[in-house]
């Protein structure tokens, strides 16, 4: 069994990777499906957006979760008010733990997006298809691993995640952001 810190790090890494890949596919979907080569600077900017875009939402969500756990613990301990527990050492540590998770998710999002977009940068012919294949394989692997870890049906999870990659790419094509 993983420690609480490792569980939190795993959650942040997974959400970053999946969000990074999905964001990259939405933003570059038109270029991927049109078969155009992806300029390196555009791929880096998309990866940066994929990473940076997750910092604030994940920080807010994680900080809220941590503070909620302290409030819940105060109720379980029959404290009159959760204020003392929230203002204590654990409460002061919560925003920093949330920031750590948010930055880990941002780094994972950048890496997920960059790895997904790299074939589109490096390959002149079929770079878009290679990008889509890498994204599908990445999400397929994440789905397989998650199902195995959570006792789900590996094939169904893996295929659903890969189909999700194709779905967000089509959304990117329809939105034609780049």
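Every read-out reported here was derived from the displayed coordinates using simple, explicitly stated rules and does not represent laboratory data. Since the structure is predicted, the reported quantities are computational estimates derived from the model, not experimental observations.
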Calculated from DSSP helices alone, with each H run of at least 4 adding -39500 (n - 2.57) and the total divided by the residues of the chain, [θ]222 nm to the nearest 500 comes to -29500 deg cm²/dmol
Cα gyration tensor of region 1-42, axes a ≥ b ≥ c as square roots of the eigenvalues: rounded (a/c below 1.5), prolate (a/b > b/c) or oblate? prolate
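Kindly give the semi-axes, whole Å and largest first, of the ellipsoid equivalent to region 33-116, taking each as the square root of 5 times a Cα gyration tensor eigenvalue. Before the final figure, lay out each step's value.
Working: eigenvalues 322, 21, 11 Å².
For region 33-116, the semi-axes come out at 40, 10, 7 Å.
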On a 0 to 90 degree scale, rounded to 10, what angle separates helix 127-150 from the longest Cα axis of the chain? 30 degrees
In a Gaussian network model over the chain where Cα atoms closer than 10 Å are linked, find which of 154, 75, 45 has the largest mean-square fluctuation. 75
For the chain, set up a Gaussian network in which alpha carbons nearer than 10 Å are linked by springs, and say which option among 43, 30, 74 fluctuates the most. 74
So what is the relative contact order for region 13-175, in percent, with contacts set as C-alpha pairs under 8 Å and at least six apart? 38 percent
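Looking at the square roots a ≥ b ≥ c of the eigenvalues of the Cα gyration tensor of region 92-178, which shape do they give, rounded for a/c under 1.5, prolate if a/b is larger than b/c, or oblate? Write out the running numbers ahead of the final one.
Numbers: a/c = 2.16, a/b = 1.29, b/c = 1.67.
Cα axes put region 92-178 in the oblate bin.
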Highest-fluctuation residue, 42, 117, 103 considered, GNM on the chain with Cα pairs under 10 Å: 42
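Compute the projected area of the convex hull of the Cα atoms of the chain, averaged over all viewing directions, and report it in nm² to one decimal place. Don't jump to the answer; show the numbers that get you there.
Numbers: hull surface 46.4 nm².
So the Cα hull casts an average projection of 11.6 nm².
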Euclidean distance between Cα centres, region 91-121 to region 127-178, Å: 19 Å
